[in-house]
1. What does the charge add up to near residue 200, with Lys and Arg as +1, Asp and Glu as -1, over the other residues with Cβ less than 9 Å from its Cβ?
2. Share of antiparallel DSSP beta bridges in the chain, in percent to the nearest 5?
3. In a GNM of the chain with a 10 Å cut-off on Cα contacts, which of 153, 214, 199 has the highest mean-square fluctuation?
4. With springs only between Cα atoms under 10 Å apart, run a GNM on the chain and tell me which of 394, 165, 222 wobbles the most.
5. For the chain, what is the accessible area per residue in Å² when the probe is 1.4 Å?
6. Dividing the alpha-carbon Rg of the range 295-370 by 2.2 N^0.38 Å yields what?
7. Let me check I've understood the local charge: for residue 252, count other residues with C-beta under 14 angstrom from its C-beta, Lys and Arg +1, Asp and Glu -1. What total comes out?
8. Report the FRET efficiency, 1/(1 + (r/R0)^6), for residue 197 and residue 119, where r is their Cβ-Cβ distance and R0 is 51 Å, rounded to 0.05.
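The values are calculated or read from the model by the stated rules, or taken from the named source; none is laboratory data. Every value quoted in this text rests on a predicted model; they were computed, and no experiment measured them. Here the Cβ is made from the backbone with ideal geometry for all residues, glycine too, and neighbour counts use every protein chain on show. Accessible surface areas use protein heavy atoms only, side chains included; no ligands, DNA or RNA. Shrake-Rupley method; radii C 1.70, N 1.55, O 1.52, S 1.80 Å.
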Amino acid sequence: MRLLIVGPLNGHMSFAARLVIKKGVRVGTVDTVDKALQSLRAGQGADLILIDVCCPVADLIERLQSERINVPVIACGEKGDAQAAVRSIKAGAKEYIPLPPEPEFIAAILESIMQDDSAPIAKDPIFKKVLSVAAHIAPSEASVLITGESGTGKEVLARYIQKKSRRATHPFITVNCAAIPETLLESELFGHEKGAFTGAVARRIGKFEEASGGTLLLDEISEMHPALQAKLLRVIQEREICRIGGNQTIKVDIRLLATSNRDLKEEVAQHRFREDLFYRLNVVNLEIPSLRERHEDVLPLSEYFVEKYCKLNALNKKKLSDQARFQLQSYPWPGNVRELENVIHRTVLLCEEEIIERIDALPESHATLESNKSMPNKDPIVFQNGSYDLVGRSISDMEKELILVTLDQCFGNRAHAARILGISIRTLRNKLRLYKQEIESRVG
Ligand SMILES: Nc1ncnc2c1ncn2[C@@H]1O[C@H](COP(=O)(O)OP(=O)(O)OP(=O)(O)O)[C@@H](O)[C@H]1O
Ligand SMILES: [Mg+2]
């Protein structure tokens with residue numbers, strides 16, 4: 001994990017920086033936006049940028065966008081400076097951290113970019129078997145396709161393979177194919193040369209080159225556009241890339257891992273995923289069973305998360321009562337390990353006693369969630385108004401409302417929202433683009 005700090009931040013970040021460095025995060029500091037861009041173009045990479053509002057935040061975000069560099073930006077500035085906060089958010093910053101920063105706030109933000117590198121918890125024989133196959137194939141150079149429902153631990157398994165591989169001490173780079181818009185994804189993967197498109201003011205190294213010598217994880221690969229699938233296939237076959245706008249080929253030495261929530265064979269059958277690429281990626285397939293199918297993992301995972309979140313929130317140790325254990329074991333976990341983790345986190349925060357008597361964070365009716373399997377953590381959507389209010393509204397209007405409400409419920413996570421809506425992420429993206437155009441044409 002890499003954090004890039006831009007600007008002085010009046011020394012406020014040095015404590016936080018020391019804390020995360022201890023946890024294995026690589027922290028880079030630069031004093032200007034120009035230097036930040038130079039470092040990113042050179043393939044030094046960052047998973048998050050923290051920038052002092054005394055630096056030109058809007059300029060950084062604009063230049064990142066025009067150079068198609070995809071890194072979230074968080075602005076930091078003096079506490080009472082509401083104008084700076086509004087300016088930064090308007091410019092596209094994801095968050096505004098008031099200085100001096102609250103340690104919990106910093107911890108929460110850094111936690112969102114940091115990966116838990118401890119070994120996966122596995123007590124159920126069915127998941128233990130998957131882990132032992134993973135450990136067995138890890139030292140090879142074979143591409144691995146990891147499949148499984150949302151929240152089952154695909155990324156956790158990918159990290160486990162990397163740690164057990166011969167490339168463990170080399171870079172491990174992740175690219176989420178669903179989260180990055182199509183035009184950006186190509187630049188993200190292959191990089192570009194100066195002048196490759198308007199805004200490409202300098203050469204930029206892509207993730208393939210950044211990962212060279214190490215491992216590249218293509219997360220949610222089923223969401224990759226067919227044109228890009230063709231380019232990826234060529235890279236896998238030739239083991240060389242060409243930056244966008246460049247004519248020189250560059251050798252890359254990487255091990256490829258990929259994940260998918262979808263059944264890729266079905267995607268191939270529906271002509272949405274290239275068959276030749278599927279076979280290239282699927283040298284080894286590791287299918288992670290859902291949490292429903294590995295019942296014996298529920299309690300060990302629960303105990304692990306209780307301990308983890310007590311520690312993280314500086315709370316005294318807590319224990320699960322028999323009733324709480326029973327509740328956890330009898331729930332079907334449609335959102336898998338991620339849902340279990342969120343439920344335990346909420347429970348730990350809300351429980352003031354040493355013994356967790358009940359899991360109140362569980363939805364009351366399991367039946368409702370059973371019929372709503374793809375929706376992790378969330379109560380089913382209920383429109384505020386009664387159904388009679390639907391009369392008189394157009395289908396496209398209702399569709400728009402459903403899409404926006406679902407997206408909202410998923411905290412803006414498009415991949416999850418698309419899954420719940422039963423549409424492809426591409427369709428979702430197109431719909432959102434349309435809504436944006438509608439608003440823009442109304443505004444002016
Ligand atoms: N075996 C495990 N041991 C410990 N933690 C786990 C395990 N499996 C999953 N987790 C935790 O559950 C959460 C979800 O895991 P992960 O992100 O790997 O799932 P995923 O299958 O990639 O989900 P998605 O399909 O939504 O991308 C993470 O916070 C991860 O740390
Ligand atoms: Mg994932």
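1. Net of charged neighbours comes to +2.
2. 10
3. Maximum among the listed residues: 199.
4. 394
5. On a per-residue basis, the chain sits at 51 Å².
6. On the way: Rg = 11.6 Å, N = 76, 2.2 N^0.38 = 11.4 Å.
After normalising by residue count via 2.2 N^0.38 Å, the value is 1.02.
7. Local net charge: +2.
8. 0.75
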